[in-house]
Amino acid sequence: MKIVSILLACLASCIFFLGQASLVSASRLPQVPTGSIPTVTGTPIGALAVVLDTDQGFINVRSGPGTVTYEVVGVLVVGQQVPALGRTKGGDWIQVAYPGVPGGVAWVYSDLVDVKGTLPVLEPPPTSTPRVTATIDPTLAAQFLVDVPPTRLPTFTEPAPVSMPTFAANAPITTPGRVPMGLVVIGLAVVGMFGLLISFLGGR
């Protein structure tokens, strides 16, 4: 009887310890939700613009569709993909998502990107106006204005008419009151011949 009592006491002790262990292990089990678990689904990205290869390795991103009236706000490197949001009416410019700029959107030239998907037509944003309008101080400008008095052009005086001398058709060669030159020559020739004759006779 004593051995049976000891066995019953040992069995009761084992049952007690097993019950405590099961309670402790049950308290450590994670809680299993009883409600429905929502499923995670992906959101479609939409159209994409992929930057094509360029010599510089990047393209400019502008605040609007134009190179003159809109400034450069950033760059995109070759191979970069950005969400495309729209295009201009002619399709020359593409609006892309560009965080960090006002509105979070910017524009790129369509020839520099490859657009995958269809895009709606968007109106271009208004051009930026300068905050300060340049004005000229009239007092300062007056200091650099030089008043040049008008000068009178010189007057042209017509010269007197030129008088051309006229000669008579049959005007005499010799002047009245003088010995003709031909007569002087003949006289000198006669004197010379006379002197030559005298010297010839004297030599004989």
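Every number here is computed from the coordinates shown, using simple stated rules; none is lab data. Here the structure is a predicted model, which means the values were calculated and not measured. Glycine gets a Cβ as well: all are built from the backbone with ideal geometry, and neighbour counts include every protein chain shown.
Numbers below:
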| item | result |
| --- | --- |
| All-pairs Cα distance distribution in segment 48-116, expressed in whole percent, bin size 5 Å | 4, 19, 33, 28, 14, 2 |
| Label point distance in nm, LEU197-PHE144, each placed 7 Å from Cα along Cα→Cβ | 10.6 nm |
| Inter-label distance for ASP53 and TYR109, nm, one decimal - labels placed 7 Å from Cα along Cα-to-Cβ | 1.9 nm |
| Built amide H within the under 5 Å cut-off of VAL73, gap 5+ | VAL61, ARG62, SER63 |
| Vicinal HN-Hα couplings computed from phi for segment 107-117 (Karplus, 6.51 cos²θ - 1.76 cosθ + 1.60; Hz; Gly/Pro x) | 10, 10, 6, 5, 6, 9, 9, 10, 8, 10, x |
| Under 5 Å, built H, 5+ apart or other chain: amide partners of ALA47 | ALA84 |
| Local electrostatic count, VAL108, Cβ distance below 13 Å [Lys/Arg +1, Asp/Glu -1] | -1 |
